[in-house]
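I have placed the structure first, in the form of structure tokens, so that the comments after it can refer back to it.
Computed from the coordinates by the stated procedures, all read-outs in this text should not be read as laboratory data. A quick note: this is a predicted structure, and the numbers were derived from the prediction, not measured. Counting neighbours? That spans all protein chains shown, and the Cβs are built from the backbone with ideal geometry, glycine included.
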Amino acid sequence: MATRRGSCLCGSRTYEIEGELDGVWVCHCSLCRKVSGSNGIAILIVPRARFRWLAGADHGISYELRPTYSVTRCATCGSPLPVEEDENNIYLPAGTLDDPLGVGITQHIFCGSKPDWDFEAENVQHHGEHAG
Ligand SMILES: [Zn+2]
Ligand SMILES: [Zn+2]
């Protein structure tokens, strides 16, 4: 069974997940926009039994923002990290994965909350590195 690893920016917290996943969800709700400071959060929904911490399980700061909404960040670098969202699933910020996933974005949710700039304009430029 495939095992994939992920980590925060400073490497204090590392985890692994087992098995294949259906795809990445991108949530554009107003809460995800605010806590990310961006156009939403790309997450993987991982069954709890397939997730485990390798290091730094206790090295996070959790913010309970709503009864059903919390975020956890590394206490050193502030990277968002997997949250135990309910008794069955871990919500895992997809950008913290270090290994290839093999599937792409399959769901965009709460699109009604997108800001008006969140679309691909004409003549969008894509750069392999910083545009400079
Ligand atoms: Zn960190
Ligand atoms: Zn959201």
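Of note:
- Simple label model, 7 Å out from Cα along Cβ direction - S70 to A131, nm: 3.9
- Length-normalised contact order of the chain in % [C-alpha pairs under 8 Å, at least 6 apart]: 31
- When all alpha carbon pairs of the stretch 3-113 are counted in 5 Å bins from zero, the resulting P(r) reads 2, 12, 23, 26, 21, 12, 3, 0 %.
- Ellipticity at 222 nm from helices only: DSSP H runs of n ≥ 4 in the chain, each -39500 (n - 2.57), divided by the residue count, give -1500 deg cm²/dmol.
- One decimal place: the segment H59-E87 gains 8.0 nm when fully extended, by the rule 0.36 nm per residue minus the C-alpha distance.
- Remark on the stretch 19-80: hydrodynamic radius 13.3 angstrom, per the Kirkwood mean of 1/r across alpha carbon pairs.
- Highest-first packing order for the peptide set 25-37, 62-74 is 25-37, 62-74, based on the mean count of other beta carbon atoms within 10 Å.
- Mean separation of Cα contacts under 8 Å (6+ apart) over length of the stretch 1-65, as relative contact order %: 35
- Total formal charge among the other residues, if their Cβ is under 14 angstrom from that of A2, Lys/Arg +1 and Asp/Glu -1: -3
- In order along the stretch 75-86, the phi-based Karplus estimate (6.51 cos²θ - 1.76 cosθ + 1.60, θ = phi - 60°) of 3J(HN,Hα) comes to 5, 9, 10, x, 4, x, 9, x, 10, 7, 6, 8 Hz; Gly and Pro are listed as x.
- Neighbourhood net charge (13 Å Cβ-Cβ; Lys/Arg +1, Asp/Glu -1) for P67: -2
- Other residues within the sphere of radius under 15 Å centred on the Cβ of S79, judged by their own Cβ, net out at +2 (K and R +1, D and E -1).
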